[in-house]
Amino acid sequence: MNTPSTLAAPRVRFEIDGDVAVIVIDNPPVNAGSTEVRAGLREAIARLAADPALVAGVLIGAGNSFISGSDIKEFAGPLRQPELPAVIEDIEACPKPIVAAIHGAAFGGGLELTLGCDGRVAVRGALVGLPEVQLGMIPGAGGTQRLPRLTGIARAIDLIISGRRIKAEEAASLGIIDKLVDSPEHLRAEAVGFAHMLAGQKHLLRDLPLPQEDAGAIEVAESTALKGGRARENVKEAIASIKRTTSLPFDEALAQERAIFQRLRLSEEAAALRYNFFAERAAAKIEGAADHPPRPVRDVGVLGAGTMGAGIAAVFAAAGFNVTLTDVNREVLDRAAGRIAQAIGDLVRSGKLKADRAAAAGARVTYAADMQAVSDADLLLEAVFEELSVKTEVMKTLGRLAKKTAVIATNTSYLDMNELAAASGRPEDVIGMHFFAPAYRMRLVEVVRGDRSLPDAVNTGMSVAKAIGKLAIVAGASEGFIGNRIYSRYRGQCEYMLEEGAFPSEIDAAVETLGFAMGPFAVSDISGLDIAWLMRKRKAATRDPRERYVRIADRLCELGRLGRKTGLGWYDYAGVTSGRGKVDPAVTAIIREEAAKRGPTRSFTEKDIQRRVLGAIVNESALLLNDGTARSAAEIDLVLVNGYGFSKFNGGPLFLASHLKDADIEAMIEEAEQAVGFGFRRGNTRALLESLR
């Protein structure tokens, strides 16, 4: 019999099931551990402790989850009382055992709350994890002290530094979960039964000794974690906190953990990572999506079996889709199987695909030289050569071949998507799905909304992108969409600076210090100088002669210097097996010749270069918002972080710029405008940055 009882805090209910108190957390949609929840838990625990008729308690979440984590928004300022450690102290001090009943998810503070309980019962398939390190912090409510007492130090280092979400079954094998339940319907009853089994005895993790383990295993775990976490401050602090389980009394180690958490949560890095976290959540939401559900997709046809097409096919196959890969070039098609095997192997090594599923993933790909083979696909995605005439012919064929319910997608990077959609004869079914190379590693997909794309077609692109583990960002159909359009503008500024006295190695170094993983010239050498060269030649006939045009890259291409694939590009790669190539005197000479034609040169400081680059990014971002190509400044940052290698630990270029003074931003844009000259357009940068402040 369940007897409900009201509490002063509305987010927690106190119910009585026989002689067991069932404390229900009801804070929809995901039962985040808010101030109201914490206050309600303290009140409920006090009532349990004071009632002589009750022998134990159960903590359980209403709806679809336990506590999915703390309310992350609280971490930006002073924490409101009561804080989570006080709740856990109450659980430990309660004379009656309390059992956590977990379904859905228990992340962060939610899992720490369960570790303060006397037992943990979970539904099979429920997820648990401590993601705080991935948000620039460390667990702050005992996670680094209680978890190692169950798993051992080495396992705790892995789980806490990686932030890995594990299923209840794995958690049970590690000792984190005491009992597994087959279905959510039985969770409450099973947890009440487990509470009775404790027979009134407390079982606190603080009292457990550390499991015996090999010192070498701990060293390996620490080394692996430091490497994977780039030895960042919070990673080192988390490891040190975990290891204090061996050297300090529990309460002293707990106090140190809390102090470190409080300091790190207010750091610039934690703020940047929270910004990305909330931006990703917002990016997944499309207004009116519920009214236009995605079309069902099970079978995928990929046209073009080159490096990009094979990579896309591998990603879909690894996610469980049936894939038909087709190419008119038999030799390319024959090589595709090796490329897909390599991509699947990479997914296994990175932990994105379990090794025992690799063979099945490869078997889901069918190879065909006849395009007719994709006629029954639910999603047809072209990834052929980036040439308008080639893609136009493919889209015409797809428009005729595809079944009426199919979505047709183009992977074009720069070409006019609306023109390609029109060529299909059914533009309402056409979207862009712009993958980034290599497709099996890069997380970003720009889902491009054409002028006539139906909402359900766009939602299908978003849905399948999520299903294959990608971060999908909606973009309008302007040239270059979001990422390449911005990249083109800031790369243009970098080429202008070559004419004005700077050199590729100086510019690349400054751009990397700004936050990008690689500078534009190193990136160009990897992607191939011929890609942009083809685009420039395509535009040559319509280019206004008043536009500033830098010929340095053209001269390199004319010499056959196309980047790493030819051994020479902006840099010399002779004898270079990894990393950036060597500065080449031949390139320096060409730059000096072209600079001399323009006029006097000057030296550039790192700050000078960064100002020009950031000014170009901010201004073009404002234009993207103005014309509807991008939906928000935060989504632009997500594109630059996940597709162009800007450090997530710095938030994004716009997040960075939002912390600068308006006068400084204005001066940067004036410098960019002076460099461009004719054709420069200004965006509403103040409104752009105010949206982030």
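The values are calculated or read from the model by the stated rules, or taken from the named source; none is laboratory data. Just so it is clear, the structure is predicted and the values come from calculations on it, not from any experiment. Cβ placement follows ideal geometry from the backbone for every residue including glycine, while neighbour counts extend to all protein chains displayed.
Quick look at the numbers
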| read-out | value |
| --- | --- |
| Per-region count, segment 345-375, residues under 20 Å from the mean Cα position of the chain (by Cα) and buried (at least 18 other Cβ atoms within 10 Å of the Cβ) | 2 |
| Among the residues listed as Leu59, Leu48, the single one being in the same structural domain as Gly125 (by TED's automatic domain parsing), modelled with pLDDT of 95 or more, closer than 23 Å to Ala105 by Cβ and not polar (S, T, N, Q) | Leu59 |
| Out of Asp182, Asp178, sole residue that is among the acidic types (Asp, Glu), in contact (Cβ under 8 Å) with a residue 12 or more places away in the chain and out of contact with any helix residue (DSSP H, G or I) (no Cβ under 8 Å at 6 or more places or on another chain) | Asp182 |
| Options Arg11, Arg38; residue that is basic (Lys, Arg) and either modelled with pLDDT under 95 or out of contact with any Leu (no Cβ under 8 Å at 6 or more places or on another chain) (or both) | Arg11 |
| Residue list for segment 50-60, restricted to those being touching a residue at least 24 places away in the same chain (Cβ under 8 Å) and surrounded by fewer than 17 Cβ atoms within 10 Å (Cβ to Cβ) | Asp51, Ala53 |
| Residue count for segment 248-285, restricted to those that are within 20 Å of Leu147 (Cα to Cα) and either of a type in the set (S, T, N, Q) or not in a helix (DSSP H, G or I) (or both) | 4 |
| Qualifying residues in segment 667-693 (those that are more than 19 Å from Leu624 (Cβ to Cβ) and out of contact with any Phe, Trp or Tyr (no Cβ under 7 Å at 6 or more places or on another chain)) - the one surrounded by the fewest Cβ atoms within 10 Å (Cβ to Cβ) | Phe678 |
| Cross-chain or 6+ apart pairs with Cβ under 9 Å, segment 356-381 first and hydroxyl-bearing (Ser, Thr, Tyr), then in a helix (DSSP H, G or I) and surrounded by 15 or more Cβ atoms within 10 Å (Cβ to Cβ) | Thr366/Ala373; Tyr367/Leu333; Tyr367/Ala336; Tyr367/Ala337; Tyr367/Ala373; Ser375/Leu401 |
| Conditions (1) more than 25 Å from the chain's Cα centre (by Cα); (2) modelled with pLDDT under 95: number failed by Glu74 | (1) |
| Some residue of segment 129-151 being of a type in the set (Val, Ile, Thr), farther than 20 Å from Gln262 by Cα and crowded, with 24+ Cβ neighbours inside 10 Å | no |
| Meets criteria (among the acidic types (Asp, Glu), out of contact with any Cys (no Cβ under 8 Å at 6 or more places or on another chain) and free of Cβ contacts under 8 Å to residues at least 24 places away in the same chain) for Asp554 | yes |
| The one condition in (1) modelled with pLDDT of 95 or more; (2) surrounded by 12 or more Cβ atoms within 10 Å (Cβ to Cβ) that Arg564 fails to fulfil | (1) |
| In segment 652-666, residue surrounded by the most Cβ atoms within 10 Å (Cβ to Cβ) [restricted to those that are of a type in the set (Gly, Ala, Ser) and in contact with a helix residue (DSSP H, G or I) (Cβ under 6 Å, 6 or more places away or on another chain)] | Gly652 |
| The one condition in (1) at pLDDT below 95; (2) within 21 Å of Ala310 (Cα to Cα) that Leu380 fails to fulfil | (1) |
| Residue that is farthest from Met395 (Cα to Cα), among those in segment 303-339 that are within 27 Å of the chain's Cα centre (by Cα) and polar (S, T, N, Q) | Asn322 |
| Single residue of Ile161, Ile157, Ile138 found to be β-branched (Val, Ile, Thr), farther than 23 Å from Gly57 by Cα, assigned to a loop (DSSP other than H, G, I, E, B) and in contact (Cβ under 8 Å) with a residue 12 or more places away in the chain | Ile138 |
| Segment 7-35 residues that are on the phi > 0 side of the Ramachandran plot, paired with ones that are aromatic (Phe, Trp, Tyr) and at pLDDT 90 or above (beta carbon under 9 Å, 6 or more apart) | Asn31/Phe66 |
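Yes/no matrix, rows are residues, columns are (1) within 30 Å of Lys470 (Cα to Cα); (2) surrounded by fewer than 22 Cβ atoms within 10 Å (Cβ to Cβ); (3) in the same structural domain as Arg546 (by TED's automatic domain parsing):
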residue	(1), (2), (3)
Lys607	no, yes, yes
Val618	yes, no, yes
Leu624	yes, no, yes
Ser647	yes, yes, yes
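Table: residues versus (1) in contact (Cβ under 8 Å) with a residue 40 or more places away in the chain; (2) touching a Cys at 6+ places or on another chain (Cβ under 9 Å); (3) assigned to a loop (DSSP other than H, G, I, E, B).
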residue: Ala189; (1), (2), (3): no, no, no
residue: Lys202; (1), (2), (3): yes, yes, yes
residue: Arg206; (1), (2), (3): yes, no, no
residue: Leu210; (1), (2), (3): yes, no, yes
residue: Val220; (1), (2), (3): yes, no, no
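Condition check ((1) β-branched (Val, Ile, Thr); (2) modelled with pLDDT under 95; (3) surrounded by fewer than 19 Cβ atoms within 10 Å (Cβ to Cβ); (4) over 25 Å from the mean Cα position of the chain (by Cα)) across all residues:
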| position | (1), (2), (3), (4) |
| --- | --- |
| Val523 | yes, yes, no, no |
| Gly528 | no, yes, yes, yes |
| Ile531 | yes, yes, yes, yes |
| Ala540 | no, yes, yes, yes |
| Arg543 | no, yes, yes, yes |
| Ile552 | yes, no, yes, yes |
| Leu559 | no, no, yes, yes |
